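The values are calculated or read from the model by the stated rules, or taken from the named source; none is laboratory data. Here the structure is a predicted model, which means the values were calculated and not measured. Every residue, glycine among them, receives a Cβ derived from its backbone with ideal geometry; neighbour counts consider all protein chains shown. Each accessible area value is taken on the protein alone, full model and side chains, heavy atoms only, with ligands, DNA and RNA left out. Shrake-Rupley method; radii C 1.70, N 1.55, O 1.52, S 1.80 Å.
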Amino acid sequence: MTKPLRHLCLILGDQLNLDSSALADFDPQQDAVWMAEVIEESTHIPSSKQRTTLFLSAMRHFAQSLQAKKWSVHYTRLEDPDNTGTLAKELDKAIAENKPQKLVMTAPGEWRVLQSLRAVAKQHGVTLEVRDDTHFFSTVREFAEHAKGRKQLRQEFFYRELRQKTGILMEGKKPIGGQWNFDEDNRGSFGKAGPGQLPQPTRFEPDAMTKEVMAVVNDRLSKHPGTLNSFGWPVTRAQALEALDSFIQHRLPSFGLYQDAMWEGEVWLYHSHIASALNLKLLNPREVVSAAEKAYQQDHVPLPAAEGFIRQILGWREYVRGIYWTQMPEYLERNEMQASAHLPAFYWSGDTEMACLRDAITQTLNHGYAHHIQRLMVTGLFALLLGVHPKEVHAWYLGVYVDAVEWVELPNTLGMSQFADGGVMASKPYVASGKYIDRMSNHCKGCRFDPAVATGQNACPFTTLYWDYLHRHVDVLAKNPRMLMQLKNLNRLSPEAREEIATQANLIKNSH
Ligand SMILES: Cc1cc2nc3c(=O)[nH]c(=O)nc-3n(C[C@H](O)[C@H](O)[C@H](O)COP(=O)(O)OP(=O)(O)OC[C@H]3O[C@@H](n4cnc5c(N)ncnc54)[C@H](O)[C@@H]3O)c2cc1C
Ligand code: SF4
């Protein structure tokens, strides 16, 4: 008689770390790992070819590394003929077949997935032990504690708490350099001369396993967004470490200064491109932060670059996770500005005359990547100004980016970029006219629209919609002291000018 199975350890596509809490007490003699590729995870929102390929290839490589240790792995491939298509049904099958005494998993990255796996465990009357995700610096309980009694949540305060708790970039109780935040130094543009010679991005030639996944994705998800021609994301821990090392050596020194800058046709700039490796847990945030801190200590990078980068991971990444898990499931339903328009069709093709949007969307479809300011102040801003329903914006962001997992994507999209949570995540809506994009990029030079003009043939749609947005929402925005300056400028417009802007804005809205 075979030995009964003690633990069936559930490993999801974004939990590919050997030091995962789910595997902390793994005993190959009496435990097994369960992993499943299912179509539902690529179709409940239309997941791009790049994103699905990355997840499946990284899962297969991880499973292979477990099998090499002689661990028992129950693995379902997308193309397996008896694949039932959902995580719930696959788990149901695995429990019936293996009769584990207990299911063990690390807390997943999505509320929906947790509910569905819990329901299956309950149906079978088997315990599902959900363990803390030790990958993060903080726990959701710590965030909830921080949030208790505060009228407003702000990233900066949680970040300072974590700096103090971890001692990162600290001199005793004080921040190194005498200030917590060097954001003011991190807003440079490339100027007229442009970025010049940029460091090469670290990309990886797909191996046989990745190529196999690419063929499956091209076959089964042929209508899904994007292309796979340029696929080069790290799919193993070794590749992720190489990508991190190359970033620290070649791009971190200029990361801070050019964090917000954009340049036509330049996809990679000085960013790290490691969000997907972090979110799939191929990299641990501690090793990433520690590499950046060390680069500063060794005088390889200036303090504002190291601090600016560390803040994104120790600050923003931890903060948005806390927001997600303390606000769900109601958060998904928030629509503070009552936006109801549909996402324009060009978000799926890049086919638009607006040069900034064309560039950001085209690179997104080709690579599954755009940097933060492209997401926030180009694609996100246009959807916000147009009044697109937050759920449609959310589905787009969750589907197209290789680093998209709901715990991090949703607060960034619905909260930071669409202000649909009414200010839980950000203190004011991130709204600007086309002039902001002109300042931070060269897109406007090659565009048929003029960012300084709000009405007429050449009017930049961002600029028209910016004034229209302020006008439309003046009652809500007037309650926010951080919007006073922008509303003061709105008040300077004559009633005729406002009328003309409203007419032009309606034309834009009706044409999408
Ligand atoms: C509308 C919108 C949607 C977004 N969706 C996602 C998403 O699905 N997944 C995701 O990881 N990030 C998301 N972000 C945050 C950020 O844009 C990406 O993390 C970043 O662009 C990834 O590129 P990079 O690895 O080159 O990052 P870098 O610019 O090099 O930054 C370094 C790291 O900091 C972290 N980071 C930076 N900003 C944030 C942030 N706001 N929230 C959380 N972590 C951050 C990431 O891990 C990133 O890899 C979104 C931002 C916006 C405005
Ligand atoms: S003019 Fe307007 S639409 Fe054109 S690139 Fe500039 S901001 Fe974008």
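What the phi angles of segment 160-172 give under the Karplus curve with 6.51, -1.76 and 1.60, with θ = phi - 60°, is a coupling list of 4, 4, 6, 4, 5, 5, 9, x, 6, 6, 10, 10, x Hz, glycine and proline written as x. Cα convex hull, segment 277-344: 161 Å³ per residue, rounded to a whole number.
Each peptide in 188-201, 93-106 gets a packing score, the mean of other Cβ atoms within 10 Å over its residues, and the list from highest to lowest is 93-106, 188-201.
In the chain, the longest principal axis of the Cα atoms and the axis of helix 355-367 are about 10 degrees apart.
With the charge dipole of the chain set up from +1 on Lys and Arg Cβ and -1 on Asp and Glu Cβ about the Cα centre, the Cα lying farthest toward the positive end among the listed residues Leu8, Thr52, Leu303 is that of Leu303.
Once the Cα-Cα distance is subtracted from the 0.36 nm per residue extended length, the Ser290 to Arg482 segment shows a gain of 65.6 nm.
Amide H contacts under 5 Å for Val33: Cys9, Ser72, Val73, His74, restricted to partners 5 or more places along the chain or on a different chain, H placed in the peptide plane at 1.01 Å from N. Using the 1.4 Å probe convention, the accessible area of segment 383-479 works out to 30 Å² per residue with neighbouring protein chains retained. Since only Met35, Val104, Ala144 are under comparison, the one whose Cα sits farthest along the positive direction of the charge dipole of segment 1-154, derived from C-beta charges on Lys, Arg, Asp and Glu, is Ala144. Spatially, segment 261-317 and segment 164-195 are offset by 12 Å when compared through their Cα centroids. Our Cα-only numbers for segment 406-512 put the radius of gyration and Dmax at 14.8, 45 Å.
Computed FRET efficiency, Cβ-Cβ of Asp27 and Lys148, R0 56 Å: what is it to the nearest 0.05? That gives a FRET efficiency of 0.90. Think of a 1.4 Å ball rolled over the protein heavy atoms: segment 13-118 then has 38 Å² of accessible area per residue. Residues whose amide H lies under 5 Å from that of Gly422, counting only those 5 or more places away or on a different chain, are Glu336; hydrogens are built 1.01 Å from N in the peptide plane. Taking the alpha carbon gyration tensor of segment 292-445, multiplying each eigenvalue by 5 and rooting it gives semi-axes of 26, 22, 14 Å, largest first. Using the empirical formula 2.2 N^0.38 Å as the baseline, the Cα radius of gyration of segment 1-138 reaches a ratio of 1.00.
In a simple Cβ point-charge model (Lys, Arg +1; Asp, Glu -1; nothing else charged), the chain has a dipole of about 800 debye relative to its Cα centre. Stretching Arg187 away from Leu507 to a fully extended chain increases their span by 111.8 nm, per 0.36 nm per residue minus the current alpha-carbon distance.
Within segment 1-69, the percentage of alpha carbon pairs spaced more than 15 angstrom apart rounds to 58%.
Of the solvent-accessible surface of segment 290-427, computed with a 1.4 Å probe over protein heavy atoms with every protein chain present, carbon and sulfur atoms account for 49 percent. Can you give the angle from 0 to 90° between the axis of helix 208-220 and the longest principal axis of the chain, with both taken from C-alpha atoms, to the nearest 10? With both axes taken from Cα atoms, the answer is about 70 degrees. Considering the dipole of the chain built from charges on the beta carbon (Lys and Arg +1, Asp and Glu -1) around the Cα centre, which of Trp407, Leu278, Ser230 is farthest to its positive end? Of the listed residues, the answer is Trp407. Compared with the direct C-alpha span, the chain from Arg160 to Arg472 gains 108.7 nm at full extension, assuming 0.36 nm per residue.
Using the Cβ-Cβ distance between Lys174 and Lys428 with R0 set to 30 Å, the FRET efficiency works out to roughly 0.55.
Counting Cα-Cα pairs of segment 30-69 in 5 Å increments starting at 0 gives whole-percent bin shares of 6, 20, 27, 20, 14, 9, 5, 1.
Once C-alpha pairs closer than 8 Å and six or more residues apart are averaged by separation and normalised to the residue number of the chain, the relative contact order reads 16 percent. Work out the P(r) tail for the chain: percent of alpha carbon pairs separated by more than 31 Å, whole number. Here the tail beyond 31 Å accounts for 48 percent of pairs. Relative to the dominant Cα principal axis of the chain, helix 237-250 is inclined by about 30°. Counting only protein heavy atoms and a probe of 1.4 Å, the accessible surface of segment 431-487 is 55% carbon and sulfur.
Charged side chains reduced to their Cβ positions (Lys and Arg at +1, Asp and Glu at -1) give segment 111-155 a dipole of some 300 debye around its Cα centre. Taking θ as phi - 60° and the Karplus parameters 6.51, -1.76 and 1.60, the scalar couplings of segment 441-456 work out to 7, 10, 4, 5, 4, x, 10, 6, 9, 10, x, 8, 10, 9, 9, x Hz in sequence order, x denoting glycine and proline.
Coupling constants for segment 415-431 follow from the phi torsions by the Karplus curve (6.51 cos²θ - 1.76 cosθ + 1.60, θ = phi - 60°), and in residue order they are x, 5, 8, 9, 6, 6, 8, x, x, 5, 8, 10, 7, 7, x, 7, 10 Hz; glycine and proline get x.
Fraction of C-alpha pairs exceeding 19 angstrom in segment 225-329: 49 percent, rounded to a whole number.
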